[in-house]
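Just so it is clear, none of the values below were taken in a lab; they were calculated from the coordinates. Given the structure is predicted, the values throughout are model-derived calculations rather than measurements. Don't worry about glycine lacking a Cβ; one is built from the backbone with ideal geometry, like all the others, and counts go over all protein chains shown.
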Amino acid sequence: MKPDDKLCYCFHVSQRKVVNFIRLHRPRVPSEISECGGAGTGCGWCVPFLRKLFDAAAANAAPAIEIEAEQYAADRAEFVRAGKGKPPASRES
């Protein structure tokens, strides 16, 4: 993924925004990333990816999500279609 690609589809939060939030606010646990525009609090699809960015920051490693944006979006859509997550009704993407 590229930095400006959407990471949280429910709340339209980009990877860049999450990385900058982690850098500036230094959350103590991954769940505190939810303070970044609600990321991770909708359907839940992005939670493992948020955790990966959190872990990279904790290890002083470069943040990277190794999946193409199109595939990420398709996998997320399938996740929601399979009933594994429910995006907020007013912001379903």
Give me the net charge for the shell around ALA69: Cβ to Cβ below 14 angstrom, other residues only, Lys and Arg +1, Asp and Glu -1.
-2
Sites excluded, trypsin sites (Lys or Arg not before Pro) in DSSP loops with at most 14 other C-beta within 10 Å, longest stretch of the chain:
29-83
Structure-based [θ]222 nm, the chain - -39500 (n - 2.57) summed over DSSP H runs of at least 4, per residue, nearest 500:
-12000 deg cm²/dmol
At 0.36 nm per residue, minus the direct Cα-Cα distance, what do LYS84 and ALA64 gain on full extension? Give it in nm, one decimal, please.
4.7 nm
Those GluC sites (Glu not before Pro) from the chain that are DSSP loop and have at most 10 other Cβ neighbours within 10 Å turn out to be GLU66
Relative contact order for the chain: what percent, with Cα pairs under 8 Å and sequence separation of 6 or more?
31 percent
Cβ-defined net charge surrounding SER34, 14 Å radius [Lys, Arg +1; Asp, Glu -1]:
+1
Would you mind ranking CYS36, CYS8 so that the residue whose beta carbon has the fewest other beta carbons within 10 Å leads the list?
CYS36, CYS8
How big is the chain along each principal axis, measuring the range of its Cα positions in Å and listing the largest first?
36, 24, 19
